[in-house]
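The values are calculated or read from the model by the stated rules, or taken from the named source; none is laboratory data. The structure displayed is predicted, hence computed values, not measured ones. Positions of Cβ are backbone-derived with ideal geometry, glycine not excepted, and every protein chain shown enters the neighbour counts. To get the accessible areas, we keep the full protein, side chains included, count just its heavy atoms, and leave off ligands, DNA and RNA. Shrake-Rupley method; radii C 1.70, N 1.55, O 1.52, S 1.80 Å.
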Amino acid sequence: MIPSWGFEPEEDAMAAPVPLRSDFDAEALRGLAKGSRDPAQTRRLLALSVIAAGGLRSEAAEIGGVGLQTVRDWVVAFNANGPDGLIDGKAPGARPRLNADQRDVLKALVEQGPTPAAHGVVRWRLCDLAQILSEDHGVSVSEQTLSRVLRAMGYRKLSARPRHHAQDPDAAAVFKKNFPNRLADIAQAVGGKPIEVWFCDEARVGQKNTLTRRWAKRGTRPAAPKDQRTASAYIFGAICPARGVGAGLVMPRCTTEAMAHHLEEIAATVAPGAHAVLLLDQAGWHTTRKLLVPGNITLLPLPARSPELNPVENLWQFLRDNWLGNRIFKSYDDIIDHCCDAWTKLIAQPWRIMSIGLRQWAHGC
């Protein structure tokens, strides 16, 4: 027999009883209440367990601390959606200021960027976007609301990465696509030895040092020491992200001789019996025929003007942001000491080399 609402004589004039669904008995409802982590759902399940046991709805209302009509609403929700129907849903909140079409317009504006001749600016400000939405689409939205909308869409104000104006836009994609075949050809040429993928680059570190971002109160501009002297040195750095190892030297200049010493350092770090494919840019001291290349290294130049393919560029940024930037170097020897110390710290963190250096197109990770 399906349990239904119980009625005391004085309740006869009320609405017709709503039967409780039969697939949950009183014991099952009390068990669900015991396992629930939602206080409101627990209270409602216990109230409905009284009804399932044949009790009166006035008793259920007393346990739930509500009126009879509310208990009736619980029964209707429980019959329709089971125990989940007794969990309060999230309030819908206010209607969004921008509908889906207007958000698409905003997304297109951000992705395309401004046209200086047409918009009068070289980068979007919130006030510019708000003005375009108001004039072209009749939507009035504050800068604060527009900022929240952009953040909810996944946008942040980020520093742009420099891109050479003469870069071939298809060169990087072609290089990535052909890279596995290039590795296979090199492996065959060296007799099937294990192949290690290495990247190398050089970074100038000097008394005219970089200033990094830092925490400060909104509306202020923090100060940092800046030197105008010109003493400098170069870090020759190479990493094998798959192994989390690196090989580096600090040299006074970028020359063919300095590069030869760096290649010797890399060759000594390559795993025994393995062969290194060293990816590097097309600087003159990398591509000259005068460069002596060790037998366990094959040089593979990256496409011209494509520094984004070399993760060592990101490594330099990490070193400057954490150990080399915002410093005043007293002398050339001081520069050497700090460069060596920064590289030693990096080599001691193989997980850092992996996280910065691994690339899907190069390592299949």
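Residue-wise test of (1) touching a Cys at 6+ places or on another chain (Cβ under 6 Å); (2) small (Gly, Ala, Ser); (3) outside any helix (DSSP H, G or I).
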site	(1), (2), (3)
Val18	no, no, yes
Ala28	no, yes, no
Leu32	no, no, no
Ala40	no, yes, no
Leu45	no, no, no
Leu48	no, no, no
Glu59	no, no, no
Leu109	no, no, no
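Can you confirm whether Gly219 is free of Cβ contacts under 8 Å to residues at least 12 places away in the same chain and under 33 Å from the mean Cα position of the chain (by Cα)?
yes
Out of the residues in segment 97-111 that are under 14 Å from Val141 (Cβ atoms) and touching a residue at least 12 places away in the same chain (Cβ under 8 Å), which is most open to solvent (accessible area, probe 1.4 Å)?
Across segment 97-111, the extreme among qualifying residues is Arg97.
Checking the conditions here, which among Arg125, Arg151, Arg218, Arg214 is open to solvent by 90 Å² or more (accessible area, probe 1.4 Å) and touching a helix residue (DSSP H, G or I) at 6+ places or on another chain (Cβ under 9 Å)?
It is Arg125.
Suppose we keep only residues that are open to solvent by less than 50 Å² (accessible area, probe 1.4 Å) and out of contact with any strand residue (DSSP E or B) (no Cβ under 9 Å at 6 or more places or on another chain) within segment 169-183. Which one would you say is farthest from Ala247 (Cα to Cα)?
Ala171
Quick one: what pairs do we get from segment 166-185, first residue within 11 Å of Ser306 (Cβ to Cβ), second open to solvent by 50 Å² or more (accessible area, probe 1.4 Å) and assigned to a helix (DSSP H, G or I), C-beta under 8 Å, 6+ apart or different chains?
Within 8 Å, the pairs are Ala172/Glu308.
Name the residue that is nearest to Ser355 (Cα to Cα), counting only residues in segment 221-241 that are open to solvent by 50 Å² or more (accessible area, probe 1.4 Å) and not β-branched (Val, Ile, Thr).
Among those that are open to solvent by 50 Å² or more (accessible area, probe 1.4 Å) and not β-branched (Val, Ile, Thr), it is Tyr234.
Could you grab me the full set of residues in segment 111-139 that are of a type in the set (S, T, N, Q) and part of a helix (DSSP H, G or I)?
Once the filter is applied, which keeps residues that are of a type in the set (S, T, N, Q) and part of a helix (DSSP H, G or I), segment 111-139 yields Gln112, Gln131, Ser134.
Could you check segment 349-363 and list, in sequence order, the residues that are in a loop (DSSP other than H, G, I, E, B) and in contact (Cβ under 8 Å) with a residue 24 or more places away in the chain?
Scanning segment 349-363 gives Leu358, Arg359.
Would it be correct to say that Val66 is under 20 Å from Pro39 (Cα atoms) and open to solvent by less than 80 Å² (accessible area, probe 1.4 Å)?
Yes.
Residue check: is Lys208 out of contact with any Gly (no Cβ under 9 Å at 6 or more places or on another chain), modelled with pLDDT of 95 or more, over 19 Å from Leu278 (Cβ atoms) and open to solvent by 90 Å² or more (accessible area, probe 1.4 Å)?
no
Any idea which residue in segment 184-205 is surrounded by the fewest Cβ atoms within 10 Å (Cβ to Cβ), counting only those that are under 15 Å from Ala274 (Cβ atoms) and touching a helix residue (DSSP H, G or I) at 6+ places or on another chain (Cβ under 9 Å)?
Per the criteria, the residue is Pro194.
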